[in-house]
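J.: I have a structure here, written as structure tokens, and I will follow up with some questions on it.
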């Protein structure tokens, strides 16, 4: 007997495929939201790193003690979701780290956070040099 | 073919039997055809109800997905807008406060009693107001509580009326005329909006100035905090 229309099964499969397609397309928006969220974390991290950097730059050369400090979490209320690693070290004329005292110090600040997105970066680092006056 | 077809005069024998058989078969065929035709004439109520049910379900699911995506789109948009505003405002304030020569606003040393505005002497080239040849230009950042907009004022201080002022002074200069002490008053050269959605601005500190910016849009909030080391005091 020749078929005159769709069977219920065919129709249901078609509808299922349509729903699946739409769901995949609409998934973009929650995806973009979490990406935006990560951008927000990145921006906050930059300012939280700057907070530390500016405080260190206000010190004198002698007050910058070489060593690594880990703040997890950062005590500042707006930065509590981050962990902050501050490393101060002596550098030689070729900007290589050295243990012996020189007249140049390097400050490295690394901000880390737990990213929801696996593909997005979840850390930012800043480096600056501080010379003896 | 007409249904009530008159039968031809009876014929005898095998031929007559054959004609009879063919006629009966023909009748049966048309009967069947008519029954089938009647069956296909319209949807039954059950079919219709099932169809509408499935349709409603599909539309419902699609609408729910659409609504969710719209909600996320709006969330993302307000989040991005708040972030852009906070970044632009905070970067600009940082840059100018870093080079400030003097802070006019009396700032608290602790976070307990923060200031909601800051005024300081501009340490950059006062473009496009260098033609005024003043030695003292001032910048003031404040938040309009009604609109939530961040304003940036560019100021000079005068003893004369602002409209005819040509001699400019420091913010705290005084003149004593006939025993009366006269203080300078601010003359606003420009007042521009530099950011939106600002809920609160908190500033404290002395050498290292802490700025906290709270933004709010569509009942979502973000808070950003940073420090600036003022190096020109």
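J.: Rounded to a whole number of µm²/s, how large is the Stokes-Einstein D of the protein assembly as shown at 20 °C and 1.002 mPa s, given Rh as the Kirkwood radius over C-alpha pairs?
T.: Calculated translational D: 77 µm²/s.
J.: For chain B, set up a GNM with springs between Cα atoms under 10 Å and report which of B:60, B:205, B:195 has the largest fluctuation.
T.: Taking springs between Cα atoms under 10 Å, the residue moving most is B:60.
J.: Continuing with this model, one more query. Roughly how tilted is helix A:8-26, in degrees to the nearest 10 and between 0 and 90, from the longest Cα axis of chain A?
T.: 20
J.: Relative to the longest principal axis of the C-alpha atoms of chain B, give the angle of the C-alpha long axis of helix B:45-98, reported between 0 and 90° and rounded to the nearest 10°.
T.: The helix B:45-98 is inclined about 10 degrees to chain B.
J.: Right, next: In whole Å, what is the distance between the alpha-carbon centres of the stretch B:177-207 and the stretch A:1-65?
T.: The stretch B:177-207 and the stretch A:1-65 have Cα centres spaced 41 Å from each other.
J.: For chain A, evaluate the Debye formula with one uniform point scatterer on each Cα (no solvent term) and list log10 I(q)/I(0) at q = 0.17 Å⁻¹, rounded to two decimals.
T.: -0.93
J.: Among A:121, A:77, A:66, determine the one that fluctuates most according to a GNM of chain A built with springs between C-alpha atoms less than 10 Å apart.
T.: Result: A:77 has the largest fluctuation of those listed.
J.: When you have a sec, figure out the Kirkwood radius of the stretch B:72-229 from all distinct Cα pair distances and drop it here in Å to one decimal? Walk me through the intermediate numbers first.
T.: On the way: mean 1/r = 0.0589 Å⁻¹.
For the stretch B:72-229, inverting the mean 1/r across all distinct Cα pairs yields 17.0 Å.
J.: Across bins of 10 angstrom width beginning at 0, how are the C-alpha pair distances of the stretch A:62-117 distributed, in whole percent?
T.: 22, 40, 24, 13, 1
J.: Still on this structure: Given the options B:81, B:161, B:91, state which has the largest fluctuation in a GNM of chain B using a 10 Å cut-off (strictly under) for Cα springs.
T.: B:161
Bear in mind that the values in this text are calculations on the coordinates, not laboratory data. The shown structure was predicted, so the numbers you read here are calculated from the model rather than taken from an experiment.
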